[in-house]
Amino acid sequence: MTRTDPLDVPRPHAQLHFGVFFQGVNHWTIWSAPDSGSQIDPASFRKVAQTAERGLFDAFFLGEGLRLREVDGRIHDLDVAGRPDAITQLAALAAVTRRIGLVSTSNSTFNEPADLARRLSGLDLLSEGRAGWNVVTTDNAWTGANFRRGGYLDHADRYRRAEEFLTVARALWDGWDDKAVATSVDAPAWSVPGAVRQVRHRGPQFDVDLAPTLPRSAQGHPVIFQAGDSGEGRDFAARNADVIFSAHGNDFDDALAFAEDIRRRLRAVGRPDDDLRILPGTEIIIGATEEEAQEKKRWIRLQQVTPATALGIAGLLWGIDLSGRDADGPLPAEDPVVAENDGSFGARRIADPRAVVAEWRAKAEA
């Protein structure tokens, strides 16, 4: 049903929430455009964050890049490469912004709760209660090679670790009473006796025994974001998150189905339907007219996917080197080579390359 009455608004007091994601390691940032600026210069981060704040955006997000993408043991040089530590960069931005939220993507697989919770708490205090944490898990042994224990966790174990991690982090953030610190020089002690509590946790993943080193921020503790789209990821968000990112933004019916699924999971764990904000990812291309915006969109696509990039991505799908092929020529006649480990690291894994290739061939034929 189309609503024509301007007063017929189902949720008249609802507000839109906008966040901006500053991309890290990727191939779609158009670094070759003269006005793009550096992707690792602090001035670029500052410009985007301050612009978003002037535009009344809720949050500025940074991803986590623990390792550059590699193909057959070589750095994938078609990517924008390099990414500052998110919490360090956001701490710097806290000094040059006043209201916008500062969200760090930090994984729970290769961090420890006592350390990461303290760093996030420090950001929360520096920003006067504007920190957020996008809780992610890391699923590959390639990233694990950065760390002494190496390896990786199975999908279900990643979320078990993340949930226990968050439980410990919250206990650390809540370890100080809000009035723990004396407010008068006449007080008998700097802190109120018993106001700082020892956190003791022993579980399958962590064994922690310490007193938190920082008080609570103005907002209590960082806002929790989550981006997993699997069943385990959605359940984790329903139990723990304040905000969930959604990749279901291009098709309206698909977006509604995702939202209803999240609300059903919220109800299952005893939370209200509107207790979790949903932020669908989208790309916005601006032009003075519809025609100008469409022309700019075409230009962006051609800049994002150069011939070399197209061959590189297709090569990852086929599992063979396509760098010598004609990017505007026909699709490779060979069938994909499906290997357990093809030497490509950091690229998004495709569950069934043969099915994707079959779909591409059908489109090409059409």
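The values are calculated or read from the model by the stated rules, or taken from the named source; none is laboratory data. Please read these numbers as outputs of a predicted model, since none were measured by experiment. Don't worry about glycine lacking a Cβ; one is built from the backbone with ideal geometry, like all the others, and counts go over all protein chains shown. Quick note on the areas: whole protein, heavy atoms, side chains included, nothing else; ligands and nucleic acids left out. Shrake-Rupley method; radii C 1.70, N 1.55, O 1.52, S 1.80 Å.
Quick notes
- Per atom type, the chain shows carbon and sulfur on 52% of its accessible surface, probed at 1.4 Å.
- Positive minus negative residues near ARG119 (Lys, Arg vs Asp, Glu; Cβ under 14 Å): -4
- The range 168-237, Cα convex hull volume normalised per residue, Å³: 100 Å³
- When the chain is treated as a GNM with alpha-carbon contacts under 10 Å, the residue of ASP274, ASP186, ASP177 showing the greatest mean-square fluctuation is ASP186.
- Working note: Cα atoms of the range 11-102, range along each principal axis, descending, whole Å: 54, 32, 28.
- Pairwise label distance in nanometres, LEU78 with ALA333, each label 7 Å out on the Cα-Cβ vector: 2.3 nm
- Evaluating 6.51 cos²θ - 1.76 cosθ + 1.60 at θ = phi - 60° for every residue in the range 355-366, the Karplus couplings come out as 5, 5, 4, 4, 5, 4, 5, 5, 5, 4, 5, 5 Hz, glycine and proline recorded as x.
- Computed on the range 222-366, the Cα convex hull volume stands at 187 Å³ per residue.
- The chain: equivalent-ellipsoid semi-axes (sqrt of 5 x gyration tensor eigenvalues, Cα, Å): 39, 27, 22
- Angle in degrees between helix 42-54 and the longest Cα principal axis of the chain, rounded to the nearest 10: 80 degrees
- Accessible surface, per residue, of the chain when the full set of protein chains is kept, probe 1.4 Å, Å²: 60 Å²
- Antiparallel bridges, percent of DSSP beta bridges restricted to the range 75-219 (to nearest 5): 50 percent
- Annotation: amide H of ASN26 within the under-5 Å range of VAL80, sequence separation 5 or more or interchain, hydrogens built in the peptide plane.
- A full extension of the chain between ALA14 and GLN219 corresponds to an added length of 71.7 nm, given 0.36 nm per residue minus the alpha carbon distance.
- Debye intensity ratio in log₁₀ form over the Cα atoms of the range 61-200, taken at each q of 0.13 Å⁻¹: -0.71
- Degrees between helix 231-240 axis and first principal axis of the chain (Cα, 0 to 90, nearest 10): 30 degrees
- Span from the the range 29-87 Cα centroid across to the the range 182-232 one, whole angstrom: 31 Å
- In the chain the longest region clear of GluC sites (Glu not before Pro) that are loop-assigned by DSSP and have at most 15 other C-beta atoms within 10 Å covers 129-282.
- Normalised by the number of residues in the range 206-339, the mean separation of alpha-carbon contacts (under 8 Å, six or more apart) gives a relative contact order of 15 percent.
- With a Förster radius of 51 Å applied to the C-beta separation of SER32 and ARG239, the computed FRET efficiency comes to 0.70.
- Ranking VAL71, VAL96, ALA257 by how far each Cα lies toward the positive end of the dipole of the chain (charges on Cβ) leaves VAL96 at the top.
- Only helices enter the 222 nm calculation for the chain: every DSSP H run of n ≥ 4 contributes -39,500 (n - 2.57), and dividing by all residues gives -11000 deg cm²/dmol, rounded to 500.
- Extension reserve of the VAL181-ASP209 stretch, reckoned as 0.36 nm per residue once the Cα distance is removed: 7.9 nm
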